[in-house]
Every structure is written in structure tokens, then in C-alpha cells.
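Every read-out reported here was derived from the displayed coordinates using simple, explicitly stated rules and does not represent laboratory data. Just so it is clear, the structure is predicted and the values come from calculations on it, not from any experiment. Note that each Cβ is placed from the backbone with ideal geometry, even for glycine, and that neighbours are counted across all protein chains shown.
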Amino acid sequence: MSDFALFLGKFLRHGTKIASVAPSSPWLSKATIGNIDWTKARVIVELGAGTGPITRAIAERVQPGTRVIINERDADFAAILRDRFGNRANFEVIEGDACDLATILSDRGIDQVDHIISGLPVPSFPKELQAKFFRVVQSVLAPEGTYNQITEIAWYYQRLYRKYFHDVQFVFEPRNFPPAGAYYCQRPKDLSDGGPNPV
């Protein structure tokens, strides 16, 4: 089965639990990681990697000493990722929930990460789950780190990500199917009081 057919089938069965009807294009994959300084990154996390198009773009650029933690909840996608990237010494594919990221990293002796790349359908999360997820992101992201989020509705979710980060930039990639882009988010807002109120 092709990656496209697998994605489409899961999207039709699971709806908004799957972020897209198709894997990210090479253009979107490159745009999503376009802000990373590869000479400085020591730990990179990818959440919701799917069949690995962004993972492949990371693999083409990452330095040998950088650890790459790939988290994917779907068992079929996780198996594909292990087959495609499991033989790389600095890559690890973990099947699990992104909200358990702090524990996953702690178990591997990692306190902070430089970049989190997300292919998760975060706008579809219930508000309480969004706040919980971003508290986890805040707890592990280095002070100068970035949270990069792909989106297929260009510019629409600026308000959402500005709820959780002080600095939010958007890059548009019209060549993706459908046209899409990525948010580069920095400086998480203080969520220690439980997070922003739902809007």
C-alpha cells in the first residue's frame, strides 16, 4: 500500500485524529524544519511522524551527534518508521502518546530538547488536552528552542498558537497538497496555572 493510500484510509476511518489526508510533500517537509540551526541542535523530537516525510528531511540534514526522538501513536505508522529509520544510530522511534513526552525523554536521560516538530492535529484536540499538551512542550523545550507545527489551513490558527507562545511566525508552502504551511513558535507562555482559558 502506498503512503498516500494508507494516510487517506486512516483519515477516512479516524477523521481528525489523523492530521492530513496525505503525507507532507518534500516542499512542506523542508519548510517545516527550515528554521533549524543544524550545527547547534543536540536533541530534536518529532511528534506524529506518520510515514516519515519530515523525518526523511531531518535525516538529510541532521548532524551525526544529534539525537532524534520520533514519537508516533499509530502502530502501523510506527512500524513503517522503524523500518525506514530504525537503523540510524542517532534515531529512535517510540510508539506512544505525545502527552507522555516528558517521561519518554526522562527515561532516556534527556531533560531538554532544542526543537519539537509536530505533525499532530493539535487544533482538533479538546481544549483541556491542548493545554495539557502544551504544558508538556513547555516542560521539555529549551529556552531558545522552537516548536514547529505543520498546518493545512494557512494562517487560520495564528490565534491558537499565540495563546501558548509569545513569538509565532508562519511560512506558507503552496506546492503541498493541499496548500499548507508551518508555524515556528518560541518562548512558551506560562502555563503553570493550568493554561489559557478556552476560547
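Between Leu81, Leu105, Leu141, the GNM of the chain built on Cα springs shorter than 10 angstrom shows Leu105 fluctuating the most.
Counting pairs of alpha carbon atoms under 8 Å apart in space and at least six apart in sequence, what relative contact order in percent does region 35-115 give? Relative contact order, region 35-115: 35 percent. Reducing region 117-151 and region 58-88 to their Cα centroids gives an inter-centroid distance of 19 Å. Taking a straight Cα-Cα cut-off under 13 Å and skipping sequence neighbours fewer than 8 places away in the same chain, the aspartates and glutamates within cross-link reach of Lys40 are Asp114, Glu144. Suppose the Debye formula is applied to equal point scatterers at every Cα of region 28-77; what is log10 I(q)/I(0) at q = 0.21, 0.26, 0.27 Å⁻¹? Computed log10 I(q)/I(0) values: -0.73, -1.05, -1.11. Beta bridges per DSSP, both residues in region 3-188: antiparallel share near 40 percent.
Measuring nothing but how far apart in sequence close Cα pairs (under 8 Å, 6+ apart) lie, relative to its length, region 3-188 scores a relative contact order of 22 percent. In the elastic network of the chain, a GNM with C-alpha springs shorter than 10 Å, the most mobile of Gln112, Gln149, Gln158 is Gln158.
A simple charge model with +1 on the Cβ of Lys and Arg, -1 on the Cβ of Asp and Glu and nothing else charged puts the dipole of the chain at about 320 debye relative to its Cα centre.
Each of Gln112 and Arg159 was given a label point 7 Å from its Cα along the Cα-to-Cβ line. The distance between the two points is 3.4 nm.
In the elastic network of the chain, a GNM with C-alpha springs shorter than 10 Å, the most mobile of Glu144, Glu152, Glu92 is Glu144.
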